[in-house]
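A quick write-up on the structure given underneath.
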Amino acid sequence: MNGETVMRNLPNGDTIRQVCLAVHDIDRAMAQSTLLGIGPWQVHDFGPPWVRDLTFRGQPLRTPAKLALAGSGELSFEFAPPGDEANIYTELLNARGEGLHHLGYRARIRRRWRWSICLLRHR
């Protein structure tokens with residue numbers, strides 16, 4: 001890359017602000033990424049009281065999903081392990097293995113900035 005700045009802009013000019021990876025082992029993923037200078041990491045349970053009435057494929061989720069979040073400059077990273085019951089992360093891990101789950105980007109809507117998520121569908 002010869003010292004060039006890597007652009008994270010989408011074709012419409014929006015900028016990628018978050019990268020979420022589905023991982024089998026959240027502790028291993030955090031340790032490896034820390035070697036790359038990403039961190040410190042914060043681990044959260046994504047469920048009540050943050051979010052209520054979580055469902056997956058029309059069925060209620062009873063256990064929260066664990067998520068690890070960290071920043072590196074203007075870019076944030078999220079690691080999502082499978083959890084105790086089927087969810088959007090276990091589905092990806094079972095179908096494709098570890099990898100990109102979604103990108104978060106900031107989109108300009110009605111002259112205000114709002115956070116938006118660009119879900120990637122695997123077919």
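Some points to look at:
- Matching residues, segment 77-109, being small (Gly, Ala, Ser) and at negative phi: Ala80, Ala86, Ala95, Gly104, Ala107
- Listed by first and then second residue, the pairs linking a residue in segment 24-53 that is closer than 15 Å to Pro82 by Cβ to a residue that is hydroxyl-bearing (Ser, Thr, Tyr) and part of a loop (DSSP other than H, G, I, E, B), with Cβ atoms under 8 Å apart and 6 or more places separating them unless they lie on different chains, are Gly47/Thr63.
- Unmet criterion (only one of (1) charged (D, E, K, R); (2) part of a strand (DSSP E or B); (3) out of contact with any Pro (no Cβ under 9 Å at 6 or more places or on another chain); (4) modelled with pLDDT of 80 or more) for Arg62: (2)
- When restricted to residues that are at pLDDT below 90, of a type in the set (A, V, I, L, M, F, W, C) and not in a strand (DSSP E or B), segment 87-123 contains 2.
- Pairs meeting the criteria (first residue in segment 60-71 and hydroxyl-bearing (Ser, Thr, Tyr), second residue part of a strand (DSSP E or B), beta carbons under 9 Å, at least 6 apart or on different chains) are Thr63/Asp45.
The values are calculated or read from the model by the stated rules, or taken from the named source; none is laboratory data. The shown structure was predicted, so the numbers you read here are calculated from the model rather than taken from an experiment. Virtual Cβ from ideal backbone geometry, glycine too; neighbours counted across all protein chains shown.
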